[in-house]
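Everything on this sheet refers to the single structure shown next.
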Amino acid sequence: MPTLNLFTNVPVDSVIASDILRDATKAVSKIIGKPESYVMILLNGGVPIAFSGTEEPAAYGELISIGGLSPSVNGKLSSTIAEILQTKLYIDSSRFYIKFYDVQRSFFGFNGSTF
């Protein structure tokens, strides 16, 4: 159930979106150690964002997971997602923030219930 919600001010076409969704799903699954079948990635392109006083390409992400997060895992996720955004959307890693949430099972819903 790891969920990565990405926002960027860069317009994202469907081909690039599919590449990012695929690559991010594999990365989150591998790094956190949860099956791909539980990973959700949301990609929101063309969102107005100002970072450091400019509207140059930038991104913000939030990753929510029930367990699997730690300082070392978060560092790997941050660098890997930043690399995907750099490669696919040309967003410099210095213009990307990501926030991590480690939530309790009862705070995450699925299939009409909670985990």
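The values are calculated or read from the model by the stated rules, or taken from the named source; none is laboratory data. Predicted model only: the values in this text are computed from it and were never measured. Note that we place each Cβ from the backbone using ideal geometry, even for glycine, and neighbour counts take in every protein chain shown. Accessible surface is based on the protein model in full, side chains and every heavy atom, while ligands, DNA and RNA are left aside. Shrake-Rupley method; radii C 1.70, N 1.55, O 1.52, S 1.80 Å.
Could you look through the stretch 48-78, keep only residues that are in a strand (DSSP E or B) and hydrophobic (A, V, I, L, M, F, W, C), and pick out the one that is nearest to Phe115 (Cα to Cα)?
At the first step, the residues of the stretch 48-78 found to be in a strand (DSSP E or B) are 51, 54, 59-65.
Now narrow it down to the ones that are hydrophobic (A, V, I, L, M, F, W, C): 51, 59, 63-64.
Working: Phe51: 36, Ala59: 29, Leu63: 17, Ile64: 13 Å.
Looking at the filtered set, the residue picked out is Ile64.
Every residue in the stretch 37-47 that is closer than 9 Å to Phe7 by Cα and either among the hydrophobic types (A, V, I, L, M, F, W, C) or not in a strand (DSSP E or B) (or both), please.
At the first step, the residues of the stretch 37-47 found to be closer than 9 Å to Phe7 by Cα are 42-47.
Answer for the stretch 37-47, where residues must be closer than 9 Å to Phe7 by Cα and either among the hydrophobic types (A, V, I, L, M, F, W, C) or not in a strand (DSSP E or B) (or both): Leu42, Leu43, Gly45, Gly46, Val47.
Being within 13 Å of Leu6 (Cβ to Cβ) and not small (Gly, Ala, Ser) is the filter here; which residues of the stretch 67-85 pass it?
Kept after step one, since they are within 13 Å of Leu6 (Cβ to Cβ), are these residues of the stretch 67-85: 77-78, 80-82, 84-85.
Answer for the stretch 67-85, where residues must be within 13 Å of Leu6 (Cβ to Cβ) and not small (Gly, Ala, Ser): Leu77, Thr80, Ile81, Ile84, Leu85.
Scanning the stretch 25-41 for residues that are surrounded by fewer than 16 Cβ atoms within 10 Å (Cβ to Cβ) and either at pLDDT below 95 or among the small types (Gly, Ala, Ser) (or both), which turns out nearest to Lys76 (Cα to Cα)?
Of the stretch 25-41, the ones surrounded by fewer than 16 Cβ atoms within 10 Å (Cβ to Cβ) are 26, 30, 33, 35-37, 40.
The next check asks that each one be either at pLDDT below 95 or among the small types (Gly, Ala, Ser) (or both); those that pass are 33, 37.
On the way: Gly33: 12, Ser37: 21 Å.
The extreme case among them is Gly33.
Which one of these does Asn111 not meet: (1) polar (S, T, N, Q); (2) open to solvent by 80 Å² or more (accessible area, probe 1.4 Å); (3) under 25 Å from Glu56 (Cα atoms)?
Going through the list (1) polar (S, T, N, Q); (2) open to solvent by 80 Å² or more (accessible area, probe 1.4 Å); (3) under 25 Å from Glu56 (Cα atoms), Asn111 breaks only (3).
Collect the residues in the stretch 1-24 that are over 11 Å from Lys88 (Cα atoms), open to solvent by less than 50 Å² (accessible area, probe 1.4 Å), more than 10 Å from the chain's Cα centre (by Cα) and not β-branched (Val, Ile, Thr), keeping them in residue-number order.
Passing the criteria: Met1, Asn9.
Which residue pairs have Cβ atoms closer than 6 Å, lie 6 or more positions apart in sequence or on different chains, and pair a first residue in the stretch 32-52 that is at positive phi with a second residue that is open to solvent by 60 Å² or more (accessible area, probe 1.4 Å) and modelled with pLDDT of 95 or more?
Partner pairs satisfying both residue conditions: Gly46/Pro11.
Can you tell me which residues in the stretch 53-107 are of a type in the set (Ser, Thr, Tyr), surrounded by 15 or more Cβ atoms within 10 Å (Cβ to Cβ) and either touching a Pro at 6+ places or on another chain (Cβ under 9 Å) or free of Cβ contacts under 8 Å to residues at least 24 places away in the same chain (or both)?
Narrowing the stretch 53-107 to residues of a type in the set (Ser, Thr, Tyr): 54, 60, 65, 70, 72, 78-80, 87, 90, 93-94, 97, 101, 106.
Subsequent filtering for residues that are surrounded by 15 or more Cβ atoms within 10 Å (Cβ to Cβ) retains 60, 65, 78, 80.
Across the stretch 53-107, the qualifying residues are Ser65, Ser78.
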